[in-house]
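Inspection log for the structure reproduced underneath, given as structure tokens.
The values are calculated or read from the model by the stated rules, or taken from the named source; none is laboratory data. None of these values were measured; they are calculated from a predicted model. Note that we place each Cβ from the backbone using ideal geometry, even for glycine, and neighbour counts take in every protein chain shown.
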Amino acid sequence: MAEEQAAAQEQQPAFGIEKVYVKDLSLEVPNAPQIFIKLETPQIGIELGNTATQLEEGVFEVALTVTVTSKVEEKTVFLVEVIQAGIFQIRNIPQENVEFILGVTCPNIIFPYARETISDLITRAGFPPVLLNPVNFEALYAQQQNQANANGATVN
């Protein structure tokens, strides 16, 4: 009976966070110190991307890349890029749900860490913190799925 319970437990859907970490971090302030003299309000641009890699059966790395660029006119004030990653255990879940978890759930878990890292790094560089707004990863995932479906339809 104990063996049956153990076997049934192994078949239970499972999701777990194994590790959250900074995989890569970059800060550039190419026009320092002159840029600190400018009193104009900079324009902020944000780019976002994520990847998922299977490490072994049921274990995945999800990496969220966030790039924040600040410019005054054509001069770069600062450029920050953070790759915040996590290792997740995902077992006994249907493949279509795994893709959703990797594209939505995991980035939602990782994003607050990336946001904090970026804000802290920008502040340490001598600038006011940049607070990134929440991201709707479900909408981004749906958009990516629609694009993939549209591209697939045009190939046939």
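Quick check, is residue 28 touching a Ser or Thr at 6+ places or on another chain (Cβ under 9 Å) and either surrounded by 11 or more Cβ atoms within 10 Å (Cβ to Cβ) or at pLDDT 90 or above (or both)? Judged against the criteria, residue 28 is a match.
Quick one: which of 55, 102 is modelled with pLDDT of 95 or more and assigned to a strand (DSSP E or B)? Explain how you work it out, then say what you get.
Numbers: 102 fails: assigned to a strand (DSSP E or B).
Exactly one residue qualifies, and that residue is 55.
It is to be established whether one or more residues within segment 81-92 are within 17 Å of the chain's Cα centre (by Cα), buried (at least 20 other Cβ atoms within 10 Å of the Cβ) and free of Cβ contacts under 8 Å to residues at least 60 places away in the same chain. No: zero hits.
Taking first residues from segment 108-122 that are touching a residue at least 40 places away in the same chain (Cβ under 8 Å) and part of a helix (DSSP H, G or I) and partners that are surrounded by 17 or more Cβ atoms within 10 Å (Cβ to Cβ) and aromatic (Phe, Trp, Tyr), the Cβ contacts under 7 Å between residues at least 6 apart in sequence or on separate chains come to 122/78. A single member of 108, 133, 149 is modelled with pLDDT of 90 or more and either out of contact with any helix residue (DSSP H, G or I) (no Cβ under 7 Å at 6 or more places or on another chain) or buried (at least 17 other Cβ atoms within 10 Å of the Cβ) (or both), and it is 133.
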